[in-house]
Every structure is written in C-alpha cells, then in structure tokens.
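**Q** Got a structure for you, questions after.
The values are calculated or read from the model by the stated rules, or taken from the named source; none is laboratory data. Being a predicted model, the structure only gives us computed values, none of them experimental. Note that each Cβ is placed from the backbone with ideal geometry, even for glycine, and that neighbours are counted across all protein chains shown. To get the accessible areas, we keep the full protein, side chains included, count just its heavy atoms, and leave off ligands, DNA and RNA. Shrake-Rupley method; radii C 1.70, N 1.55, O 1.52, S 1.80 Å.
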Amino acid sequence: MTIRVGLVGYGVGGRLFHSPYIRASRECRLVGIVARSPERVAKARRDHPDVRVFASLGDLMDAGVDAVVVSTPPHTRRELVLESIGRGVHVVADKPFAPTAQDGRELADAAERAGVVLNVFHNRRWDTDIVTARSIIVSGALGRITRLDLRCDQDDPATLEGGPEGGLLRDLGSHVVDQALHLLGPARFVSAQLDWRDLLAGRTDTGFTITIEHESGAHSHVSASKVNRLSSRELRVHGDRGSYRSDFADVQFEALRRGESPIGGRDTWGYESEERWGVLAVESGTRRIPSLQGDYAAFYDAFAEAVQAGGPGPVPAREGIEVLAALDAARASAAEHRTVPVG
C-alpha cells in the first residue's frame, strides 16, 4: 500500500530534491503539485504529465492526500505546515522548517496534538559520503570518535536567498549541522564566525565556520560557502584508533543534472565512482572503502512507513529542532563573540 503525497512548491527544491524521490519511493505516490507561476506550472506538467497541478494547498487537500511536502520559501512554510496539520494531514517540511528552535517547537507541538507525523527534509543524511562515514563510525573501526571536519562549498551564488530571512546559515548550515549531529550526536556548545555581504535584499550571511562540542565529548568543525566560486566537499573523521577521509562529489544531484533519474533505477543509484572512494587509515594499514549507496528516496520510504504504521519517521520534528537550536547558538555566538550553550 502506498501513501498519496502532494508537493507544495515547484522551484529547485520541489523539482530536483523532492519530486524525483517521491516518485522513486516504493511507498509513495505523487498525486498533486501546487504551483502558481505560469513557468512553474508548465514545468510541473511537462515533468509529471500524469500528476494534477493545483493552485493552492487547500485545493490539493480537498482532492485527497495523506501527506504534503512543503517546499516553498522559508517565510511561507509556517502557515502552510499549520494549515496541513489543521486538516489532519501528515507533513514533510523543507529545511529550515522554522526560523528558530522556539518556532519549531510550536509546529512540533501542533503536530503532536493533531496526531500527525511532522518530519524535516534533512535529506543530506542520505548523501553517499555521510552514509559511508556513518557506517565506519558505527563499525567501531575508528574507536572512540574525537573529531569531525566537514566542509561543503558550492559555487552557486544564484541560489543564495538574501536578506534577514535568508542567508547561508539557514540554507547549507541546516544540512551540515544536521550531518554533524547525525554522525556525532547532540550538541552541547557552539562557537561560530559568519561572513557577511550587503546584497540587494539586505545584509546577508554568505559563509560560516562552526565549531560544535558534542555531548559525547567529541568536537566537529563545519563550514560552507556559496558565493566564493569554490566547489568542494571534504569529510574527515578522527578517532583514537585512526581516521577516515573522503572528498566525494554531490553524486545524486550531479546525476540528475546529467538527465538521469532514480525512478525505476534505484539499485544502481547514488554510488560514488571508485577513484573517489574514501580512505580508512588505522594502525594495521590504509585501505580504500567502497562507497555505500546514497538515496534520498529512502527518506520517503521511511516517512511513508511512519504514516502507515506509526512512529516518528526518519527525521522527526524534534530532531529538526535540535538543528535549529544549534543554528540559533551559532548566530548568537557570531554576534556576541563567545561560545554559546545549546538548549
């Protein structure tokens, strides 16, 4: 049995990061797309000719859905999430799913009162490099984990949302902080520095470096940029028995840009090429580690299972709130030039 899913918003997120993976999921059926501009309506109809396009969330829900995916600009998400929850519909909200941790708690509380599943689309937990690194950490090959270095630089200034409600901390920051918490556990303290530019939409943070002290005692150092004409990904995990390092590409996104699709081809989807496999270095020697599969459709498989059988889902709202709390602390740290406790 599959769940009926509606997609709200058909910009870059809806088109490249949601619709292909909803359709690739074995447990989901894309039954509607909400789009308003003529350009996006045309794209939705061209990409998914068998899927109805609606003018509003209300029209979509009136037609019948089990869940909606909200992939609209950040300042619009709160009302759309609350409208869906109010109709008893399960929700996947794009990141950041709220401006602050306190705002996120409001949405999580509303979902719990209504008895619906609210998840955050932290899909980059299913990046190929993160899946592979997590398996090495869980295996114990590195012993006690002491440090994580994680960098995600994208040469993509056109997608940076300017102004006080935009910025890179809320954008890529949501992803890399979530990845750090996913790999090393909850945050205890945060220290951060932000890069700033004056854009047409207003003063905007355009890059960051964040240090997180985790409850485990390990520490992570995450950074990102989008306007510096640099494209690179680096991951380093340090333990008391050795290290693992990789510089995987953004495998799934690059495949989509080549015109490939996970729909009907998930068995071979999301693997890094052998020449870019990561390296494990321990006392007994150094060896390359085969890439594990990265597959964003796995998020939708797990979300559908939670809707059908109960359970929190792959990225419950409370975990999204932990990310928002770390981002709140990073923002305060950069402004006040101090280390800030999380919580």
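**Q** Inside region 89-120, can you point out the residues that are part of a helix (DSSP H, G or I) and either in contact with a Ser or Thr (Cβ under 7 Å, 6 or more places away or on another chain) or basic (Lys, Arg) (or both)?
**A** Answer for region 89-120, where residues must be part of a helix (DSSP H, G or I) and either in contact with a Ser or Thr (Cβ under 7 Å, 6 or more places away or on another chain) or basic (Lys, Arg) (or both): Arg105, Arg113.
**Q** Let me ask another. How about region 80-106: which of its residues are within 21 Å of Asp328 (Cα to Cα) and open to solvent by 40 Å² or more (accessible area, probe 1.4 Å)?
**A** Pro99, Thr100, Gln102, Asp103, Arg105, Glu106
**Q** Can you name the condition, by its number, that Ala306 falls short on among (1) part of a loop (DSSP other than H, G, I, E, B); (2) in the same structural domain as Asp103 (by the TED database)?
**A** The number of the failed condition is (1).
**Q** Pick from Ala329, Ala297: which is modelled with pLDDT of 95 or more, under 29 Å from Leu168 (Cβ atoms) and touching a Lys or Arg at 6+ places or on another chain (Cβ under 8 Å)?
**A** Ala297
**Q** I've got another one for you. Looking only at region 231-246, decide whether some residue is out of contact with any strand residue (DSSP E or B) (no Cβ under 9 Å at 6 or more places or on another chain) and either open to solvent by 10 Å² or more (accessible area, probe 1.4 Å) or within 28 Å of Tyr21 (Cα to Cα) (or both).
**A** No, because not a single residue in region 231-246 is out of contact with any strand residue (DSSP E or B) (no Cβ under 9 Å at 6 or more places or on another chain) and either open to solvent by 10 Å² or more (accessible area, probe 1.4 Å) or within 28 Å of Tyr21 (Cα to Cα) (or both).
**Q** On the basis of being modelled with pLDDT of 95 or more, open to solvent by 40 Å² or more (accessible area, probe 1.4 Å) and closer than 25 Å to Ala255 by Cβ, does Arg113 make the cut?
**A** On the way: modelled with pLDDT of 95 or more: yes; open to solvent by 40 Å² or more (accessible area, probe 1.4 Å): yes; closer than 25 Å to Ala255 by Cβ: no.
Considered against the rule, which asks whether it is modelled with pLDDT of 95 or more, open to solvent by 40 Å² or more (accessible area, probe 1.4 Å) and closer than 25 Å to Ala255 by Cβ, Arg113 comes out as no.
**Q** Out of the residues in region 270-289 that are surrounded by 11 or more Cβ atoms within 10 Å (Cβ to Cβ) and in contact (Cβ under 8 Å) with a residue 40 or more places away in the chain, state the one that is farthest from Val131 (Cα to Cα).
**A** Only one residue tops the list, namely Val282.
A quick yes/no check of all residues on (1) surrounded by fewer than 23 Cβ atoms within 10 Å (Cβ to Cβ); (2) within 17 Å of the chain's Cα centre (by Cα); (3) part of a helix (DSSP H, G or I); (4) in the same structural domain as Leu172 (by the TED database):
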residue	(1), (2), (3), (4)
Gly14	no, yes, yes, no
Ser19	no, yes, yes, no
Gly32	no, no, no, no
Glu39	yes, no, yes, no
Arg46	yes, no, yes, no
Val69	no, yes, no, no
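**Q** Given the criterion open to solvent by 60 Å² or more (accessible area, probe 1.4 Å), without any contact (Cβ under 8 Å) to a residue 24 or more places away in the chain and in a loop (DSSP other than H, G, I, E, B), identify the matching residue among Gly264, Gly343.
**A** On the way: Gly264 fails: without any contact (Cβ under 8 Å) to a residue 24 or more places away in the chain.
One residue alone meets the criteria, Gly343.
**Q** Is it true that Ser223 is touching a residue at least 12 places away in the same chain (Cβ under 8 Å), within 20 Å of Val323 (Cβ to Cβ), surrounded by 15 or more Cβ atoms within 10 Å (Cβ to Cβ) and not assigned by the TED database to the domain that holds Arg15?
**A** Spelling it out, Ser223 is indeed touching a residue at least 12 places away in the same chain (Cβ under 8 Å), within 20 Å of Val323 (Cβ to Cβ), surrounded by 15 or more Cβ atoms within 10 Å (Cβ to Cβ) and not assigned by the TED database to the domain that holds Arg15.
**Q** Out of the residues in region 137-162 that are out of contact with any strand residue (DSSP E or B) (no Cβ under 8 Å at 6 or more places or on another chain) and among the small types (Gly, Ala, Ser), which is least open to solvent (accessible area, probe 1.4 Å)?
**A** Gly140
**Q** Look at Arg134 and say whether it is open to solvent by 10 Å² or more (accessible area, probe 1.4 Å), more than 27 Å from Leu235 (Cβ to Cβ), modelled with pLDDT of 95 or more and part of a helix (DSSP H, G or I).
**A** So Arg134 fails the test.
**Q** Does Ala201 satisfy the condition of being surrounded by fewer than 18 Cβ atoms within 10 Å (Cβ to Cβ) and among the hydrophobic types (A, V, I, L, M, F, W, C)?
**A** It is true that Ala201 is surrounded by fewer than 18 Cβ atoms within 10 Å (Cβ to Cβ) and among the hydrophobic types (A, V, I, L, M, F, W, C).
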